[in-house]
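Coordinate-derived values only; no laboratory data. All values derive from a computational prediction rather than experimental measurement. A quick note on method: Cβ atoms are made from the backbone with ideal geometry, for glycine too, and the neighbour counts reach across all protein chains shown.
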Amino acid sequence: MRLANVAPVARGARVGSSDPTRAVAANGTRAPPRRTASFDPPGRGERGRTVVRRNTPAGVGRKADDPLGVFRLEYDVSQDEKHRPKTWKPTITVAVSGAAGQISNHLLFKIASGSVFGADQPVILRLLGSERSRTALEGVSMELEDCLFPLLREVDIGIDARTVFAGADWALLIGAKPRGPGMERGDLLEMNGKIFVEQGKALNDVAKPTCKVIVVGNPCNTNALIALSHAPNLDPKNFHALTKLDENRAKCQLAIKAGVFYETVTNVAIWGNHSTTQVPDFVNAKIDGKKATDVITDRDWLESDFTPAIQTRGGLLIKKWGRSSAASTAVSIADHIRNLVNPTAPGDFFSSAVLSNGNPYGIPDGLCYSFPCRSKGDGSYEIVQGLEINDWLRERMDKSAEELMNEKGCVGPLCGSAHLDEFDIQCPVDLDDTLLPGEM
């Protein structure tokens, strides 16, 4: 599809008309639509539109402080429901922040193609950016349209979280400020903490109560804790921070060392924080159904080479590549979603940072801590119990928990009800600097 060339019009003016012939054929393909243009703000729950937030000059179609000027494609939604394949599931809405970034550039097309939620799952994509990325968001939406993905039913873009998150079934919070050279730990925690306060409040107000939230923007564990603290209408178990990338990295290195294919490596847990204190668990890992420590008998390699390699791989990639991981992060987000919407294979598990309350491994409550989890395939999860925790693991798991408690202490007011202007982030100057340098 292509964007219509629409001249600026006054608020409320319309060009063209809705075309009920915009039907979707039985094979899921789209018929070319007739377009309408409107700069009215879309109503909550409104369906059947592709929205592009135009950078309309102040006074032409929108007020200077009004971000809701839109170009809208309208069509008869009842026709969409009537003609789409009967085997398709009900349409879901997926909201993505940082939608103009590199990670999203890899991820969005996976979602729209059906490779993430399934080949029978139509989706509405709602993309959140900033004033600076407004034009880039338009380009992203154009590319998505030009791909003609049958499962992609709508693309909405905007810069207001409450608008973009409205009715979301899933929220992928990718956008965050990366850590720059010379940036102190407290600076990063404060900048991103305020972002996730506002996004948590927006999710609380307008997302579905069942919305599943995956936080990617770093420091993701603490950002997830901040967001869920401001979303009491959502179950805290709906919130995850991404450690699937660390799990994938660990599986890769174990497979290479053992000389096997990646898929033979299972039961790899990441414990703790997404930082250099994370604990990639080789004790409970399996290779081709056998204990990894029976296949890789070099214990010194596992403890002194493998473990720090996973802990520092994000920073090393930045040094080699000149930027943070994007494609591999997008793949891991897709993997994480698939882990939640498909039943976990018997005996296996996946890694996710979730609220630690009531966990069976002695980690303090009130943290967003990575545990081994399993899912029934309905979006829910449970923490796997009964894994072996030896002294080597215990020491490192506790160290990562201590780091998360320190981070929580730094941003304590952000996890409460204090106004954002009423406090100042203060982190102890002697706190070990384990945050990943600039990794998104």
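Figures for the structure shown
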quantity	calculated
Extension gain, Ala327 back to Asp300 (0.36 nm per residue minus Cα-Cα distance, nm)	6.6 nm
For Gly167, residues with placed amide H under 5 Å, excluding near neighbours	Ala207, Lys208
Calculated FRET efficiency for the pair Cys147/Ala255, C-beta based, R₀ 25 Å, to 0.05	0.20
In order through region 201-208: 3J(HN,Hα) via Karplus (6.51 cos²θ - 1.76 cosθ + 1.60), integer Hz, x for Gly, Pro	4, 5, 4, 4, 7, 10, 6, 5
Ratio Rg/Rh [Cα only; Rh per Kirkwood] for region 243-414	0.95
Loop-located trypsin sites (Lys or Arg not before Pro) in region 118-183 whose Cβ has at most 10 other Cβ within 10 Å (DSSP)	Arg132
Computed lengthening from Ala136 to Arg162, 0.36 nm per intervening residue step minus Cα-Cα distance	7.3 nm
Loop GluC sites (Glu not before Pro), region 344-396, which have at most 16 other Cβ atoms in a 10 Å radius of their Cβ (DSSP)	Glu388
Highest to lowest packing among 136-147, 263-274, scored as the average C-beta count within 10 Å	263-274, 136-147
Extension gain (nm, one decimal) between Thr293 and Thr87, 0.36 nm per residue minus Cα-Cα	69.6 nm
Square roots of 5 times each gyration tensor eigenvalue, C-alpha, region 91-241, largest first, Å	25, 18, 13
J(HN,Hα) series, region 279-284, from Karplus relation 6.51 cos²θ - 1.76 cosθ + 1.60, nearest Hz, glycine and proline x	10, x, 8, 8, 5, 9
Inter-probe distance in nm under a simple model that places probes 7 Å from Cα toward Cβ, at Glu263 and Glu402	4.2 nm
Low-density loop positions, trypsin sites (Lys or Arg not before Pro), region 312-384 - DSSP coil, at most 16 other Cβ in 10 Å	Arg323, Lys376
Cα-Cα separations in region 129-198 greater than 20 Å, expressed as whole percent	46 percent
